[in-house]
Amino acid sequence: MDYARRLLKDKKYSQDELIPFLVLVIQSFGGTARKRDVDDKMYKILDTEFSKDVYHETVSHNVERWKHDIAWAKERARQHHAYVKSAEQAGWGIWELTASGKEYADKLIKQLESSVKVIRRKRKS
């Protein structure tokens, strides 16, 4: 269990675990999206988790934890994986996937499609 989860009881996702969701959400906007649109869509996808009280506590700069975690997931995706362009490259408030981010999104989509095929085969059996 990672450090953040040990500190925050009831928090399911670490910032690193949000990266695949983040990449897929940005890709769903064509590879470029405004931060607030990413936040909105991420909240809708993870509403069961993000509706928990722990995610609505305010952290630095009076930002709710769920938004803070998404922003840090974006930074980790940029700094550690080069999946997202910097603000200097994409523009302030714009989140844009790099070529490797688009490749990662394609890989995730193929994995999801493969999983769906397996589930469908099991249902037919």
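Checking the structure you have, find out if any residue of the stretch 29-38 is small (Gly, Ala, Ser), at pLDDT below 95 and open to solvent by 30 Å² or more (accessible area, probe 1.4 Å). Taking every residue of the stretch 29-38 in turn, none turns out to be small (Gly, Ala, Ser), at pLDDT below 95 and open to solvent by 30 Å² or more (accessible area, probe 1.4 Å).
Residue count for the stretch 46-90 satisfying the condition of being modelled with pLDDT under 95, among the β-branched types (Val, Ile, Thr) and either under 22 Å from residue 107 (Cα atoms) or in a helix (DSSP H, G or I) (or both): 2. When the stretch 52-86 is examined, which residues are found to be under 30 Å from residue 99 (Cα atoms) and touching a His at 6+ places or on another chain (Cβ under 8 Å)? Selection gives 65, 66. In this structure, residue 124 does not qualify as at pLDDT below 90, surrounded by fewer than 18 Cβ atoms within 10 Å (Cβ to Cβ) and within 14 Å of the chain's Cα centre (by Cα). Scanning the stretch 12-45 for residues that are among the hydrophobic types (A, V, I, L, M, F, W, C) and part of a loop (DSSP other than H, G, I, E, B) yields a count of 1. Restricting attention to the stretch 81-101, the residues that are over 13 Å from residue 33 (Cβ atoms), touching a residue at least 60 places away in the same chain (Cβ under 8 Å) and either surrounded by fewer than 17 Cβ atoms within 10 Å (Cβ to Cβ) or among the small types (Gly, Ala, Ser) (or both) add up to 1.
The values are calculated or read from the model by the stated rules, or taken from the named source; none is laboratory data. Remember, predicted model here, so these are calculated numbers, not experimental data. Neighbour counts are summed over all protein chains in view; Cβ atoms, including those assigned to glycine, are modelled from backbone coordinates with ideal geometry. Areas reflect the complete protein model, heavy atoms only, side chains present, ligands, DNA and RNA absent. Shrake-Rupley method; radii C 1.70, N 1.55, O 1.52, S 1.80 Å.
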